[in-house]
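Have a look at the structure below, then the notes.
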Amino acid sequence: MSQSGYKIAVLPGDGIGPEVCEQAVRVLTLVGSLFQHKFEFTHGLCGGAAYDEFKSHLPQSTVDIVKASDAVLFGSVGGPIDAQETPKWKDAEKNCILGLRKNFNLAVNIRPAKIYAMLPDLSPLKPSIVAAGVDMVIVRELVSGIYFGEHSTENGVARDVMKYSEDEIRVPMKFAFETAMGRTKKLTVVDKANVLDCSRLWRKVAKDIALEYPSVSVEFVYIDNAVMQLIKNPSQYDVIVTGNMFGDILSDAASVLPGSLGLMPSASLGDHIHLFEPIGGSAPDIAGKGIANPIAQILSGALLLRYSFHVRGSFIGCIYYHSNIYIYIMMGGL
């Protein structure tokens, strides 16, 4: 934090990104005024919006803005489905998101999945399952594994390499144990150790770190069973930790639980800077119509306060309070 306050890079991106980011900035500004915290917002271009001006989805000017900031509030990137192969939109999300992850070593992804008490009917699950309570955190490794391995296609044969080192696993694993300590002290490690050497290494690291946390209960679950249990009995989970690809699958499956992508925030944590974004896409079909749900973006702002600025208590509560106001507006309750 600088003497002028907390410096936040705002990267609205494309589609509904600018309008939902605007609402999150409004709420953060309001909370700052209530609790005498100053936020300094600097906007940068990314995705298709950046390509229009710089012919790059992640221009150096945006990277420089992020480097000079304490945290990043990110919107969404991407264009219409029928334009994905045009220069403006081809690989826009990959170039922007993966570029930020690699540039700033955003190695740990956090996705809370919760069914809110005031919105139980949005969930597609049976009422009996919803009544049991759903409140979990998925911790995903984000800068290694098969997505960042070697990729090739030659003579009709495609090859994608999954590789992990103990050090790469230890970072998200340690974070998951710490998270479990602050919750119910239950941790689920999701892998495919009956098939993959990488997964067996994940288990080894988990067991090694578990010795430092004797009060945390650890269970190991295969990815296929984990996805089934996530829908069948989600209340059994509290903190889940897994690799990049499996985390991608699990967190997207978990996004179904509350019934709307518009309710799901996420955080990507790096060595010195963290990025916060909703998990939904850019939704260009509804952009500019004033109907985009800003709750996930606002809740991403709450995560920003918690993980980047370590502000808890009433400060965080105020963010969630204003999120609830948005929920009631969406439901016609005000």
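The values are calculated or read from the model by the stated rules, or taken from the named source; none is laboratory data. Everything numeric in this text was worked out from a predicted model, so none of it was measured. Every residue, glycine among them, receives a Cβ derived from its backbone with ideal geometry; neighbour counts consider all protein chains shown.
At a glance:
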read-out: Matching option when the condition is modelled with pLDDT under 95 and farther than 26 Å from Gln36 by Cα, among Ser255, Ser300; value: Ser255
read-out: Pair list, Cβ under 8 Å, 6 or more apart: the range 233-246 residue at pLDDT 95 or above, other residue assigned to a strand (DSSP E or B) and of a type in the set (S, T, N, Q); value: Tyr237/Thr188; Asp238/Thr188; Val239/Thr188; Ile240/Thr188; Val241/Thr188
read-out: All positions within the range 57-112 that are in contact (Cβ under 8 Å) with a residue 24 or more places away in the chain, among the polar types (S, T, N, Q), closer than 23 Å to Phe41 by Cβ and not in a strand (DSSP E or B); value: Thr62, Ser69, Asn103
read-out: Total residues in the range 250-266, condition surrounded by fewer than 18 Cβ atoms within 10 Å (Cβ to Cβ) and free of Cβ contacts under 8 Å to residues at least 60 places away in the same chain; value: 3
read-out: Residue match in the range 155-164 (condition: touching a residue at least 40 places away in the same chain (Cβ under 8 Å) and in contact with a helix residue (DSSP H, G or I) (Cβ under 6 Å, 6 or more places away or on another chain)); value: yes
read-out: Meets criteria (buried (at least 17 other Cβ atoms within 10 Å of the Cβ), modelled with pLDDT of 95 or more and not assigned by TED's automatic domain parsing to the domain that holds Leu142) for Ser61; value: no
read-out: Any hit, the range 34-42, residues being of a type in the set (Lys, Arg) and out of contact with any strand residue (DSSP E or B) (no Cβ under 6 Å at 6 or more places or on another chain); value: no
read-out: Matching residues in the range 210-256 - criterion: being in a loop (DSSP other than H, G, I, E, B) and either polar (S, T, N, Q) or farther than 22 Å from Ile115 by Cα (or both); value: Leu211, Glu212, Tyr213, Pro214, Ser215, Val216, Asn233, Gly243, Ser255
read-out: Residues that are buried (at least 17 other Cβ atoms within 10 Å of the Cβ) and in contact with a strand residue (DSSP E or B) (Cβ under 7 Å, 6 or more places away or on another chain), drawn from the range 146-167; value: Ile146
read-out: Residue within the range 33-43 that is over 26 Å from Gly145 (Cα atoms), surrounded by 19 or more Cβ atoms within 10 Å (Cβ to Cβ) and without any contact (Cβ under 8 Å) to a residue 40 or more places away in the chain present; value: yes
read-out: Among (1) surrounded by fewer than 16 Cβ atoms within 10 Å (Cβ to Cβ); (2) closer than 26 Å to Asp70 by Cβ; (3) modelled with pLDDT of 95 or more; (4) not polar (S, T, N, Q), the one test that Val108 misses; value: (1)
read-out: Selected residue (criterion: surrounded by the most Cβ atoms within 10 Å (Cβ to Cβ)) from residues of the range 267-307 that are in contact with an Asp or Glu (Cβ under 6 Å, 6 or more places away or on another chain) and outside any helix (DSSP H, G or I); value: Ser282
read-out: Qualifying residue in the range 4-25 (condition: farther than 23 Å from Trp89 by Cβ, crowded, with 17+ Cβ neighbours inside 10 Å and among the hydroxyl-bearing types (Ser, Thr, Tyr)); value: yes
